[in-house]
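Rule-based calculations on the coordinates, nothing more; no lab input. Because the structure is a prediction, the values reported are computed rather than measured. Quick reminder, even Gly has a Cβ in these numbers, built from the backbone with ideal geometry, and neighbours come from all protein chains shown.
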Amino acid sequence: MLSLAQNPNRGLRGYVLLGGETWGSQLLGALTPDQAAEQVFPTAQIRRGAGHNQSIWDQIRQSAAGGLIVDAHGAPAYVPGTGACSATGQSSNIKLAQVAGTLALTGVNVAAMTSASVMAAVGGAAVLGAATLGIGAIIGLFPIFFGHHAAAVKKEQSVLCAATPAANNYLQVIDDAVRTGRATPQQGIDALSSLQADFETQVAGIRHGDNPMSQGECNAACVIQSELRAVVLRKQSQYQDLIVAQAPTSGPSIAPPVTSGSTMQLPVAATPAQVRAAAASSPGWLPVAALLAAGLFLARAL
């Protein structure tokens, strides 16, 4: 996960990944957790009703800060085998690995990939190919993660027990890919967008309300969807900062002073004779510049 050091002016200077690497050294503009939560659920909209209260705002903010969907206690939400998800869960997440110069997903439960819903979502050959032969991008893979986690969830249980850990798993893989350079920041941004869209489609059947600002009910699926939106907003702003930080700079360069041993040598001013000679041999605007330079020189000599 990306962890960014925040300065009081909202911008980030030399932000640091959890692995210890520093990306960028300029004033940047990634969202703070509070700003991400405010975009999803403005504090002015906080009410007393379930799904609309202060504790839900705090939970959305905590998700944005941690980079994953959490429960009211700050732990990863809807983990199979715990709490509301009583079925025995998969013990390991899908991981991203480098295999013969390509990216591959490891830890995939291939049997889970053969379900009709997953096959219809992205096509049977595409699913099995991505899972077993390696992938060239990290975009549009939510059905694979969902299918992997859904294998651990009983049919009578909420789809959140599969969709939420799948989303958190996918967030980890996206972060890992961008952090290690296996994916570009722009691919990370696109993958986050695809994750959010696929997640919202997957939970649409059980969701009541679209976000905590809705006038009616905002149930658990609505809250979890809002948490994911805040995570995506913040991460996309972080990845956008990476794009800015990695962009080549342009503009006039200033040559450093020449040093000789321990003595710094400053440029030597031209004599009036040298200025006149340059002006006589230079067309256009150069004679004017030469006269100005000569005037500056004479003024210093007085």
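Taking other Cβ within 10 Å of each residue's Cβ, how do LYS95, LYS235 sort, fewest first? Please list the in-between numbers first.
On the way: LYS95 14, LYS235 26.
Ordered from fewest to most neighbouring Cβ atoms within 10 Å, LYS95, LYS235 come out as LYS95, LYS235.
Here the peptides 164-171, 52-59, 217-224 are ranked by packing, the mean other Cβ count within 10 Å, and the order with the highest first is 164-171, 217-224, 52-59.
Between SER193 and ALA137, the contour length at 0.36 nm per residue exceeds the alpha carbon distance by 18.8 nm. Semi-axes of the equivalent ellipsoid of segment 182-234: what are they in whole Å, largest first, if each equals the square root of 5 times a C-alpha gyration tensor eigenvalue? Equivalent-ellipsoid dimensions as semi-axes: 25, 11, 7 Å. Is any residue of segment 168-188 close enough, with backbone N under 16 Å, to a label point placed 7 angstrom from the Cα of ALA247 along the Cα-Cβ axis, and if so, which? What the label zone holds, given the 16 Å backbone N cut-off, is 185-187. Rounded to the nearest 0.05, the FRET efficiency derived from the C-beta distance between ILE206 and GLN186 at R0 = 35 Å is 0.60.
FRET efficiency for ALA97 and ILE46, Cβ-Cβ distance as r, R0 = 41 Å, nearest 0.05? Before the final figure, lay out each step's value.
Numbers: r = 43 Å, r/R0 = 1.06.
My answer for the efficiency is 0.40.
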